[in-house]
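The values are calculated or read from the model by the stated rules, or taken from the named source; none is laboratory data. Quick caveat: nothing in here was measured; it's all calculated off a predicted structure. Here Cβ is always computed from backbone atoms with ideal geometry, including for glycine, and neighbour counts include all displayed protein chains.
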Amino acid sequence: MPVQAHPADAAYLPAPVPAAHQSGQPGEAPTRPYVTIVLPCYNEGEHVLQEIDRITAAMNASEFTYELLCIDDASTDNTLEVLQQAARDYANIRVMPFRRNGGSGTARRIGTQQALGEIVVWTDADMTYENEKIPDLVRILRDDPSYDQVVGARTTEEGTHKWARVPAKWLIRKIAEKLSNQTIPDLNSGLRAFRREVSLPYLRLLPPGFSCVTTITLAFLSNQHDIKYVPTTYAKRAGVSKFHFVRDAYRYILQVLRMVMYFDPLKVLMPPALWLIVIGVVKAIVDMVRHPFYFPASTVLLIVSGIMIGSLALLSDLVVRSRTGV
């Protein structure tokens, strides 16, 4: 069932979210769908109806009960009007309008909290992802309990600034793989399905922007929740991209480091600490040979810096190990 909204979320939600899928008889419990598809929308009025058609057609042809939770992130175009009309035309749509813009991460976090389904699907409304595959992702979770998340791993890159995005994403992904000791075919795919109950403890860690998908990936991997990757195509987006290369790339890198620090700080802090100590000791030996009993300030600084960072790593790890919950 939906969890109680955090007090800070009241700035986005206009009113208590009405119950969806109510039965016709008073007093009866609402019908609970198996899948909730969270669809954040910000100025997608020109094409969001096409995306809704694709998603509902795929889900109606499947064996799953579902709801499509469309979140209007305070759009400045006609997106909300299109969604409200779609809610009247389609049986399984619930519209949640935000009073102010919160970003895709905020929309996905609140949408997951308010979801009725056991399985939550994240996707985008810009015609980029192969949303016809949503039932396939859900089937994997239904049929194989060893997986807690299934990610649509993109086989192509059709985003803006492709010349810069491809090497930047490769570098960020390799950093994440190194720090998490996991192979990650696609770190920040926006198409994914996961078990809602497993995700709830990690939702408060989600940032408001695009790096929320990176966060949920690393949160699962860092806590031994298995993820399956399914190849999927990725089309050129409809409308105007909200991605800002320099700002969002910086946030991606920062979020990768933050998440690994949160769950396993030794992986971030201990390697540079050990390298500083080793370099300092080697330099001290060389200095000792060249100038007996004389150690330059740079040598002392290297060793002391390594010891300080190593101590910080051990203290951080102690905090993580003694923490209850996430």
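Details
- Taking segment 32-59 as the range and being crowded, with 23+ Cβ neighbours inside 10 Å, touching a Leu at 6+ places or on another chain (Cβ under 8 Å), of a type in the set (V, I, T) and over 14 Å from D77 (Cα atoms) as the test, the residues that pass are T36, I37, V38, I52, I55.
- Flag if I279 is over 22 Å from L315 (Cβ atoms), in the same structural domain as G190 (by TED's automatic domain parsing), of a type outside the set (G, A, S) and under 42 Å from the mean Cα position of the chain (by Cα): no
- Of all residues in segment 253-311, those being surrounded by 13 or more Cβ atoms within 10 Å (Cβ to Cβ), among the basic types (K, R) and either farther than 20 Å from R323 by Cβ or touching a Pro at 6+ places or on another chain (Cβ under 6 Å) (or both) number 1.
- From A115, A125, A91, A107, residue being farther than 19 Å from Y42 by Cβ and surrounded by 23 or more Cβ atoms within 10 Å (Cβ to Cβ): A115
- Residues located in segment 173-202, provided they are at pLDDT below 90, surrounded by 19 or more Cβ atoms within 10 Å (Cβ to Cβ) and under 12 Å from M259 (Cβ atoms): A176, L179, S180, L187
- Selection within segment 280-309 - touching a Leu at 6+ places or on another chain (Cβ under 8 Å) and in contact (Cβ under 8 Å) with a residue 24 or more places away in the chain: G280, L302, I303, S305, G306, I309
- Unmet criterion (only one of (1) within 23 Å of V213 (Cα to Cα); (2) at pLDDT below 95; (3) not acidic (D, E)) for G111: (2)
- Residue match in segment 194-206 (condition: among the basic types (K, R) and in a strand (DSSP E or B)): yes
- Pair list, Cβ < 7 Å and 6+ apart or interchain, from segment 53-66 residues that are assigned by TED's automatic domain parsing to the domain that holds L39 and farther than 18 Å from R32 by Cβ to residues that are outside any helix (DSSP H, G or I) and of a type in the set (S, T, Y): T56/Y90
- The requirement of being at pLDDT below 95 and either outside any helix (DSSP H, G or I) or not hydrophobic (A, V, I, L, M, F, W, C) (or both) is fulfilled somewhere in segment 308-318, by at least one residue.
- Taking the criterion of being assigned to a loop (DSSP other than H, G, I, E, B) and more than 30 Å from Y202 (Cα to Cα), the residues of segment 249-301 that qualify are H291, P292, F293, Y294, F295, P296.
- Close Cβ contacts (under 7 Å, 6 or more residues apart or on different chains) running from residues in segment 246-270 that are farther than 20 Å from F220 by Cβ to residues that are part of a helix (DSSP H, G or I) comprise A249/A168; L269/I309; L269/L312; L269/A313; L269/S316; M270/G310; M270/A313.
- Among the residues of segment 31-71, those identified as assigned to a loop (DSSP other than H, G, I, E, B) and among the hydrophobic types (A, V, I, L, M, F, W, C) are A61, F64.
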